[in-house]
Amino acid sequence: MSFLNDFFSLIYPNVCMACGKPLFQYENCVCSICLHHLPQTDFHLYIDNPVARLFWGKVHINSAASFLYFNKGGKVQHLIHQLKYKNQKQVGTFLGALY
Ligand SMILES: [Zn+2]
């Protein structure tokens, strides 16, 4: 079975959804380097975070947060594009579980 997996991965390599480099067998969806450098906001730790402030005076909410900072052309944008435009649903599952 492992031989078949290795052979299959030669033809269709699993690649990092953030940087496009091949994944090691122990990695899933995002390589260790990208995973380590994902720009986490930690907004969920603060009730008055920048995302929550967007809603102040407009809509009553209990809390709001975002998981990652978004930079145009960055790895987070690439991840979101994989999910949104390339039908790579595992990116959503991966990020949701990570959050
Ligand atoms: Zn990567």
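The values are calculated or read from the model by the stated rules, or taken from the named source; none is laboratory data. Keep in mind that this is a model prediction, so the values were computed, not measured. Cβ sites come from the backbone with ideal geometry, for glycine too, and all protein chains shown count toward neighbours. For the accessible areas, the whole protein counts, side chains as well, though only heavy atoms, and no ligand, DNA or RNA atoms are used. Shrake-Rupley method; radii C 1.70, N 1.55, O 1.52, S 1.80 Å.
The single residue among PHE24, PHE94, PHE70 that is at negative phi, among the aromatic types (Phe, Trp, Tyr), in contact with a helix residue (DSSP H, G or I) (Cβ under 9 Å, 6 or more places away or on another chain) and buried (at least 16 other Cβ atoms within 10 Å of the Cβ) turns out to be PHE94. Residues that are in a helix (DSSP H, G or I) and surrounded by 11 or more Cβ atoms within 10 Å (Cβ to Cβ) within the stretch 73-91 comprise LYS75, VAL76, GLN77, HIS78, LEU79, ILE80, HIS81, GLN82, LEU83, LYS84, GLN90, VAL91, listed in sequence order. Residue count for the stretch 27-36 satisfying the condition of being in contact (Cβ under 8 Å) with a residue 12 or more places away in the chain, more than 8 Å from the ligand (Cβ to nearest atom) and open to solvent by 100 Å² or more (accessible area, probe 1.4 Å): 1. Looking across PRO13, PRO39, one residue alone is modelled with pLDDT of 95 or more, touching a strand residue (DSSP E or B) at 6+ places or on another chain (Cβ under 9 Å) and within 16 Å of the ligand (Cβ to nearest atom). It is PRO39.
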